[in-house]
Every structure is written in C-alpha cells, then in structure tokens.
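The structure under discussion appears below in the form of structure tokens.
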Amino acid sequence: EIVDVATLTGAQIIALGDTLAAMYAGRDDMAASLEAASKECGEKFWRMPLEQSYFEQLKSSCADMKNTGTRAGGSITAALFLEKFIEDKEKVSWAHLDIAGPVWDGKSNSATGFAAGTLARWVLNK
C-alpha cells in the first residue's frame, strides 16, 4: 500500500478551501480506511474523482506525458499524473492526499501538521 501526501496544487485550495484536504484513491477499501483514520483524529478529507478522461490534458507529442494540464481540474490531473507511477494497480493500493489547504494556518503563520495524525492512525489501524 502506498499513500503519498503533498501540498501539490493550489487547485485543491480553490476546490475545497483551507479546512478540507483532497483524497484520491484507486480503491474504495483504501479510501475507507483512510477516511476512518482521519475521522478518528479529526482531520477532514473529501474524496475526489480520478476522472480518467482528464488525462487527455497530460498527453504530450514529445514526452511520455506532461506534468501539468490546463487550469480546469488541476487537482485531478495532478493526481492522475502521480497515479501513472503505480505500476500494478491490481496488487498495489494507492492514495494521494493533497493537503495544500489545511497544511498552513494563516492566523498563526505556522504549519499545522495536517495529515500526520491520519497517517499515524491509519498505520496503527493496520
């Protein structure tokens, strides 16, 4: 199982604001286990679609793929880009957590540690 966590896109902030993080998961069971862990520690995630048709934005005439698409659906295309590096989706459960919004507290001007609790609880629940 692989979970990657990143402050990957500003598009995540536009879509979900600064209190919800985006969750992309290739399998429902992976999403459910991460969602349960996040609820246990009070971190909020919203599962987003891995809409495969959006990958068209990443196609390239001179490379395997581009690393960014158009502005529309930017958080989705970023997750689709990362998903391409999972070689065997039948054997490997994968999730991407885009925590760009809730990772920073603008009032105190400091990092929040967002997602650390979810990851710790997820591992402990295994």
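The values are calculated or read from the model by the stated rules, or taken from the named source; none is laboratory data. Since the structure is predicted, the reported quantities are computational estimates derived from the model, not experimental observations. When we count neighbours, we look across all protein chains shown, and the Cβ atoms used for this are built from the backbone with ideal geometry, even at glycine. With ligands, DNA and RNA removed, areas are computed over all heavy atoms of the protein, side chains included. Shrake-Rupley method; radii C 1.70, N 1.55, O 1.52, S 1.80 Å.
For the structure I just gave you, tell me whether Asn125 is closer than 19 Å to Thr7 by Cβ and out of contact with any Leu (no Cβ under 6 Å at 6 or more places or on another chain).
In short, no.
If we keep just the residues of segment 23-35 that are touching a helix residue (DSSP H, G or I) at 6+ places or on another chain (Cβ under 8 Å) and either of a type in the set (D, E, K, R) or assigned to a helix (DSSP H, G or I) (or both), which is most open to solvent (accessible area, probe 1.4 Å)?
Initial filter on segment 23-35 (touching a helix residue (DSSP H, G or I) at 6+ places or on another chain (Cβ under 8 Å)): 23-26, 33-34.
Still in the running and either of a type in the set (D, E, K, R) or assigned to a helix (DSSP H, G or I) (or both): 33-34.
Numbers: Ser33: 34, Leu34: 2 Å².
Top of the filtered list is Ser33.
Are any residues in segment 90-111 in a loop (DSSP other than H, G, I, E, B) and either surrounded by fewer than 16 Cβ atoms within 10 Å (Cβ to Cβ) or at positive phi (or both), and if so, which ones?
In the first step, residues of segment 90-111 are kept if they are in a loop (DSSP other than H, G, I, E, B); the result is 90-93, 99-103, 106-109.
Of everything in segment 90-111, those that are in a loop (DSSP other than H, G, I, E, B) and either surrounded by fewer than 16 Cβ atoms within 10 Å (Cβ to Cβ) or at positive phi (or both) turn out to be Glu90, Lys91, Val92, Gly106, Lys107, Ser108, Asn109.
Answer yes or no as to whether Leu97 is touching a Leu at 6+ places or on another chain (Cβ under 8 Å), touching a residue at least 60 places away in the same chain (Cβ under 8 Å) and not β-branched (Val, Ile, Thr). If you could, list the steps in order and put the result at the bottom.
On the way: touching a Leu at 6+ places or on another chain (Cβ under 8 Å): yes; touching a residue at least 60 places away in the same chain (Cβ under 8 Å): yes; not β-branched (Val, Ile, Thr): yes.
Criteria met by Leu97.
Name the residues in segment 36-55 that are surrounded by fewer than 19 Cβ atoms within 10 Å (Cβ to Cβ), touching a residue at least 40 places away in the same chain (Cβ under 8 Å), of a type in the set (D, E, K, R) and not in a helix (DSSP H, G or I), would you?
Passing the criteria: only Lys44.
Could you check segment 56-89 and list, in sequence order, the residues that are among the hydrophobic types (A, V, I, L, M, F, W, C), loosely packed, with under 11 Cβ neighbours inside 10 Å and modelled with pLDDT of 85 or more?
If we filter segment 56-89 for residues that are among the hydrophobic types (A, V, I, L, M, F, W, C), which is where we start, we get 58, 62-63, 65, 72, 76, 78-82, 85-86.
Those still in the list that are loosely packed, with under 11 Cβ neighbours inside 10 Å too: 62-63, 72, 85.
Correct list: Cys62, Ala63, Phe85.
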